[in-house]
Each structure stands twice: as structure tokens, then as C-alpha cells.
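Colleague: What follows is a single structure, and I will ask about it in a moment.
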Amino acid sequence: MFGWKVLQKSELPNANSILVVEEFKDLQDFENLLQKSLEDYKNSNSPNVSIKECILKIAKQEKILLAKDKFEKLCEMAGKHLQGFGPFEYFLNDENVEEICVTGINKPLSVYFKGKGWMECNLTFTSQESAINFINKMAREVGRHISLQSPRINAVLPNGQRLHATIPPISKDVEITIRRFQKQPINALDLLKN
């Protein structure tokens, strides 16, 4: 469907609320409504139609009553899916995240948090195609791409993040590492604190 899915449990303290696991009685309802809304938005010939209008239209057709907070969450996720990196956006924008690793399809995302270490997330890619699209969307910013002819990429993105990714045949599965560097270099006081 989206190429990613949310697993039911996470080690991360706030990941469940971030990724809307508990807000909808069934995560599948959320995914179906979001998918239908995105399709309706993409198929709309009118430039004046907003994603919010599409979500409301599909919710009405499916007879789903949306509370204001759920509606806002759907709109936010739709925007992130269309213009960004879907739910991965939360980790890409979190200043406490130093590294993000994908070690294969249907395997939980691993995230390294500053001061907390490695934690497994409740998010995973569901297809190789979606993982490759994710890599290429990131690498496009620096004029690079990954494909069967070029199955490895190592790039520094404009925001300073480092992207390393491999796909079969040179790796068993899709592997992605995104390393973020601190804006402030480590000083002597930081070393003493740790």
C-alpha cells in the first residue's frame, strides 16, 4: 500500500503516539483512509482541491466519523507522504536522532538516540520498491540515484546528513544508514558529562 507499515509495539516512549497506532481503533482503517484520500487527491483534475477536502470526502463516503485531532493527524501524515518521507520524517527531523538504520524489508527500523543509544522503532518498509524510492528521493537532492546498475550509494546530503545504502545483488536485502552530525561540535565539557 504505502511501502511502509507501523508495527504494534515499540521501544520508543513516544513512537506509538507519533505514528498513530492507538488513535485509530484499527491501523488498517487509518491506512485505507489515507491511501484512498491520496489517490483521490492525485486523480483530482482541479488545482484548487486540497488534501484536507479529499480526506473529508473519502471519510464521508466510507462513513468514518473523524474527531478533529484524528483529522489533523491524517492531514499531517498525508502532507508528509506527498511532500516528504512519510512517517520517517519524524526521525529525520528529530535533533536527538544521530543515526537511522534499515537492515531489511519487514524488519524494524533502528534509531540511535543521543544519550539513550540504539532503540528499535515500530516502523518498517514493506517492499523493496518503496525502500528504493525512499533512497532515491533522498539522493535526488544531490543528483544521485540507486538502481540495479548502481546498487550502492554513499552521499552527503545538502543538510549535512550522510546517506549510505545498498540493494541486492551486492547485499542480501535493502540496507540504509542515515547518519546525522551535531550542529555543535563536541567540546571538553561534553566529554566530561559522558
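Colleague: Return yes or no: is residue 76 of a type in the set (D, E, K, R) and farther than 27 Å from residue 171 by Cβ?
Modeller: yes
Colleague: Tally the residues that are of a type in the set (Gly, Ala, Ser) and either modelled with pLDDT under 85 or under 10 Å from the mean Cα position of the chain (by Cα) (or both), restricting the search to the stretch 85-105.
Modeller: Qualifying residue count for the region: 1.
Colleague: Given the stretch 75-194, what strands (runs of 3 or more DSSP E) lie entirely inside it while holding 2 or more residues that are surrounded by 15 or more Cβ atoms within 10 Å (Cβ to Cβ) and in contact with a Pro (Cβ under 6 Å, 6 or more places away or on another chain)?
Modeller: Fully inside the stretch 75-194 and qualifying: 123-125.
Colleague: Something else: Taking the stretch 59-69, which residues are modelled with pLDDT of 75 or more and surrounded by 15 or more Cβ atoms within 10 Å (Cβ to Cβ)?
Modeller: The one that is modelled with pLDDT of 75 or more and surrounded by 15 or more Cβ atoms within 10 Å (Cβ to Cβ): 59.
Colleague: Can I ask one more? I'd like to check something: does the stretch 99-111 contain any residue that is in contact with a Gly (Cβ under 8 Å, 6 or more places away or on another chain) and of a type outside the set (Val, Ile, Thr)?
Modeller: No, that holds for no residue.
Colleague: Would you mind finding the one in 161, 149, 128 that is more than 14 Å from the chain's Cα centre (by Cα) and closer than 26 Å to residue 36 by Cβ?
Modeller: 128
Colleague: Looking at (1) open to solvent by 80 Å² or more (accessible area, probe 1.4 Å); (2) modelled with pLDDT under 75; (3) not small (Gly, Ala, Ser), which is the one condition that is false for residue 52?
Modeller: (2)
The values are calculated or read from the model by the stated rules, or taken from the named source; none is laboratory data. Since the structure is predicted, the reported quantities are computational estimates derived from the model, not experimental observations. We place every Cβ from the backbone using ideal geometry, glycine too, and count neighbours over all the protein chains shown. For accessibility, only protein heavy atoms count, side chains too; no ligands or nucleic acids. Shrake-Rupley method; radii C 1.70, N 1.55, O 1.52, S 1.80 Å.
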